[in-house]
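See below for the structure under consideration.
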Amino acid sequence: KAGVTQTPRYLIKTRGQQVTLSCSPISGHRSVSWYQQTPGQGLQFLFEYFSETQRNKGNFPGRFSGRQFSNSRSEMNVSTLELGDSALYLCASSSATDNYGYTFGSGTRLTVV
Amino acid sequence: AQSVTQLDSQVPVFEEAPVELRCNYSSSVSVYLFWYVQYPNQGLQLLLKYLSGSTLVESINGFEAEFNKSQTSFHLRKPSVHISDTAEYFCAVSGGYSSASKIIFGSGTRLSIRP
């Protein structure tokens with residue numbers, strides 16, 4: 001079966017701009033989680049969506065938001081980008097019926113200049 | 001609240017030597033435990049997981065981890081490493097699939113294999 005697909009793979013934006021990242025989960029997976037990975041802070045949980053509802057949220061400012069569509073595809077948006085938002089953004093999908101395996105995408109590398 | 005501590009940020013070993021990557025967790029509820037591996041410029045891949053049952057879990061590429069509830073540990077071991085095992089390894093904990101389903105990751109251990 002197809003894995004988790006994240007687009008785009010690389011992105012360069014300017015401070016103050018906004019960005020939207022996309023994640024298509026494994027077919028049948030209803031939970032999608034987003035993580036930010038940086039060398040200094042490691043892997044930090046952003047939020048999780050389940051059946052179009054945000055089920056969990058990490059400690060990130062309101063500039064970070066997300067949503068999930070009826071086909072379980074998810075997007076995350078970052079507004080008013082800051083240099084510190086440069087990171088690898090990872091999406092993971094999961095399903096209880098898939099023996100509780102979290103599958104990650106390859107990530108989107110965001111660089112803010 | 002749950003947390004994960006990976007005691008070593010870097011572990012250098014020689015090829016074909018054994019290795020142990022240490023992981024301790026804290027949680028007030030029953031946990032699911034995971035080890036993930038990340039190769040350069042890639043996402044995370046699930047290496048193995050403990051959900052319940054046997055405390056010793058194995059992966060298809062020779063790694064194993066043992067859940068020790070009394071010591072709150074989930075150390076990862078391999079009896080003989082290969083160059084291809086060079087990667088960063090993350091230990092993670094979760095409280096379950098439902099409402100508390102977010103996974104908390106440790107800070108990672110970079111495994112470097114010397115020929």
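Quick note: the coordinates plus some simple rules give every number you see, no bench work behind them. Quick caveat, the model's predicted, so the values are computed rather than measured. No Cβ is skipped: glycine too gets one built from the backbone with ideal geometry, and neighbour counts run over all protein chains shown.
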Open item on the list: Between B:R114 and A:T5, what is the label-point separation in nm under the 7 Å Cα-to-beta-carbon projection?
Closed with: 4.5
Open item on the list: Tell me the relative contact order for chain A as a rounded percent, counting alpha carbon contacts under 8 Å between residues six or more apart.
Closed with: 36
Task: Cross-link reach list, lysines versus A:K13, counting only Cα pairs under 28 Å and skipping chain neighbours closer than eight places - done: A:K57
TODO: Would you mind pulling out the separation of the Cα centroids of the range B:1-75 and the range A:1-68, in Å?
DONE: 24
- [ ] Using only the Cα atoms, work out Rg/Rh for the protein assembly as shown, with Rh taken as the Kirkwood radius, to two decimals.
- [x] 0.97
Task: D_trans [Stokes-Einstein, Kirkwood Rh over alpha-carbon pairs] for the range B:41-115, 25 °C, 0.890 mPa s, µm² s⁻¹ - done: 177
- [ ] For the range A:1-48, state which trypsin sites (Lys or Arg not before Pro) are in a DSSP loop and have at most 14 other beta carbons lying within 10 Å of their beta carbon.
- [x] A:K1, A:R9, A:R15
Task: Estimated vicinal HN-Hα couplings, Hz - the range A:46-62 in sequence order (Karplus 6.51, -1.76, 1.60; Gly, Pro = x) - done: 9, 6, 10, 10, 9, 6, 6, 10, 6, 9, 8, 9, x, 9, 10, x, x
TODO: State to the nearest 20 debye the size of the charge dipole of the protein assembly as shown about its Cα centre, where the only charges are +1 on K and R beta carbons and -1 on D and E beta carbons.
DONE: 620
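With all distinct Cα pairs included, what does the Kirkwood hydrodynamic radius of the range A:18-72 come out to in Å, to one decimal, could you say? Before the final figure, lay out each step's value.
Values: mean 1/r = 0.0827 Å⁻¹.
Kirkwood radius, the range A:18-72: 12.1 Å.
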- [ ] Give the Kirkwood hydrodynamic radius (Å, one decimal) of chain A, defined as one over the mean of 1/r across all pairs of different Cα atoms.
- [x] 14.0
